[in-house]
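The values are calculated or read from the model by the stated rules, or taken from the named source; none is laboratory data. No experiment lies behind these values; they were computed from the predicted model shown. For neighbour counting, all protein chains shown are included, and Cβ atoms are generated from backbone atoms with ideal geometry for every residue, glycine included. We work out accessible area using only protein heavy atoms, side chains counted, and drop any ligands, DNA or RNA first. Shrake-Rupley method; radii C 1.70, N 1.55, O 1.52, S 1.80 Å.
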Amino acid sequence: MEFQALTGSVAFALTQAAVALFMFGLYLAARRDPCTRYWSIASALVAIGVILPFPFIATGLSLAAIWLGTSAIVAGLIWMWQGTRVFFDREPKLSGWALAWGHALFVAALFMASDQAVWRIISFAVAVTVAVSLIMFEIVRGDGKPMTIARRLVVFAYAITLAPVIIRASILLATGRQMTPLTDSTLNVAMLYLLPMAGGLLSSVGMLLMYFERTIDEKDYLANHDELTRLYNRRALTEAGKKALAACASRGTPVTLLLIDIDHFKSVNDTLGHEAGDRALVLIAEALAGTCRGTDTLGRHGGEEFCVVCPDTSVADAQALSERLLRAVATMILPGEFERALSISIGLAEAYPSENVDWDALVNRADKALYAAKANGRDQVVVSARA
């Protein structure tokens, strides 16, 4: 093996080993996330597949080492595909293993017949192309959200990885000339070592960035949402309410606030237990979310209280919404062994731009109206008198 090829092969092998250790470290840091296990196994198999043939190139075991190496690479890519599916909350597919086993058995049959290098290279190129295309498809498909920088980086990295495989197979089919790892050709070194090495590094960095992006998104979500109901929490509601007041003041339109309380909720907890109380909160949250308009901001204000911020909404429109909310909850009954009807009371307050009312004052108005709704017999809406 000549100097450039030797340097390229060693660098490629060391890079893949580093990527495998990198992914193993991610797995150790996040064992509870199953995708990291898939990615760690995938990277280890690819590293084994890259490294394994080199010690046996000049020995009688070279064909077996090549077979094991290429099979490990294809299997590693299938593990990566499965892990990417798991990352995006999709179930792994057994069909991918048909590709890995099919490639391994086909190449083994070629070796048993004779060393058909052309068909071995073509079959490897086909298997890698299919496996990498599956990974790229899952990345582009994602979770339905727009492509992020990390996902774009992973797609680019796998394109770099796939390009030399396709180019090598195309040259072989067109001219019959093979790119051998033993020569010092600049094209050979680039196709066999440099581009795959760059693709491996970039794809691992991209996968890690994808993982960090999701972790940050989850933390942001938990910081602004109630864990039980999945609605906005009090912090997010306050922020949304203040923004709505400022925006509507600039437009000269009113903001209406609905403060909602579950009737007899303490009795539900005391007589049926906290499980029933939690179930009631979730059911009512779902009913409120299904009834509110797209422009409304709904959240859990605390305990059994919910809050709806209605920008650009008059008292009349807010009352109509409140009546729909009352009807939506009135039809609900706690399921199963609980069998209890539910109802809510609503306090409604409106802030006009000319009043210069802040968020706390608006909440206080709605709270007084809610207290009146409770005192008047519950299961109703009461509108706050203007100050």
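Things worth noting here:
- From THR148, THR161, residue being under 15 Å from the mean Cα position of the chain (by Cα) and of a type in the set (S, T, N, Q): THR148
- With respect to the stated conditions, LEU298 fails to be open to solvent by less than 10 Å² (accessible area, probe 1.4 Å) and either touching a residue at least 60 places away in the same chain (Cβ under 8 Å) or in contact with an Asp or Glu (Cβ under 8 Å, 6 or more places away or on another chain) (or both).
- Scan of segment 227-249 for residues that are open to solvent by 30 Å² or more (accessible area, probe 1.4 Å) and assigned to a helix (DSSP H, G or I), ordered by number: ARG234, ARG235, THR238, GLU239, LYS242, LYS243, ALA246, ALA247, ALA249
- The condition (being assigned to a helix (DSSP H, G or I) and either surrounded by fewer than 20 Cβ atoms within 10 Å (Cβ to Cβ) or touching a Cys at 6+ places or on another chain (Cβ under 8 Å) (or both)) is satisfied by just one residue among ALA385, ALA316, ALA373: ALA316.
- Scanning segment 38-56 for residues that are buried (at least 19 other Cβ atoms within 10 Å of the Cβ), free of Cβ contacts under 8 Å to residues at least 60 places away in the same chain and not aliphatic (A, V, I, L, M) gives TYR38, SER40, GLY49, PRO53.
- Pick from segment 337-366, criterion open to solvent by less than 70 Å² (accessible area, probe 1.4 Å) and part of a helix (DSSP H, G or I), ranking: nearest to THR313 (Cα to Cα): PRO353
- Residue within segment 217-226 that is open to solvent by less than 50 Å² (accessible area, probe 1.4 Å), outside any helix (DSSP H, G or I) and under 30 Å from ARG378 (Cα atoms) present: yes
- Every pair of residues 6+ apart whose Cβ atoms lie under 6 Å, when the first sits in segment 304-327 and is touching a residue at least 12 places away in the same chain (Cβ under 8 Å) while the second is among the polar types (S, T, N, Q) and open to solvent by less than 10 Å² (accessible area, probe 1.4 Å): CYS310/THR256; THR313/THR256; ALA318/THR256
- Complete set of residues in segment 356-387 that are under 20 Å from CYS248 (Cβ atoms) and either in contact with a His (Cβ under 9 Å, 6 or more places away or on another chain) or charged (D, E, K, R) (or both): ASP358, ASP360, VAL363, ARG365, ARG386
- Every residue from segment 250-301 that is assigned to a strand (DSSP E or B) and over 28 Å from the mean Cα position of the chain (by Cα): VAL255, THR256, LEU257, LEU258, LEU259, ILE260, ASP261, ILE262
- If you go through segment 121-158 and pick out every residue that is closer than 20 Å to TRP39 by Cα and open to solvent by 20 Å² or more (accessible area, probe 1.4 Å), you end up with 15.
- If you go through segment 20-34 and keep only what is part of a helix (DSSP H, G or I) and touching a residue at least 60 places away in the same chain (Cβ under 8 Å), you end up with PHE22, MET23, LEU26.
- Which numbered condition ARG177 fails, given (1) of a type in the set (Lys, Arg); (2) open to solvent by 70 Å² or more (accessible area, probe 1.4 Å); (3) modelled with pLDDT under 85; (4) assigned to a helix (DSSP H, G or I): (4)
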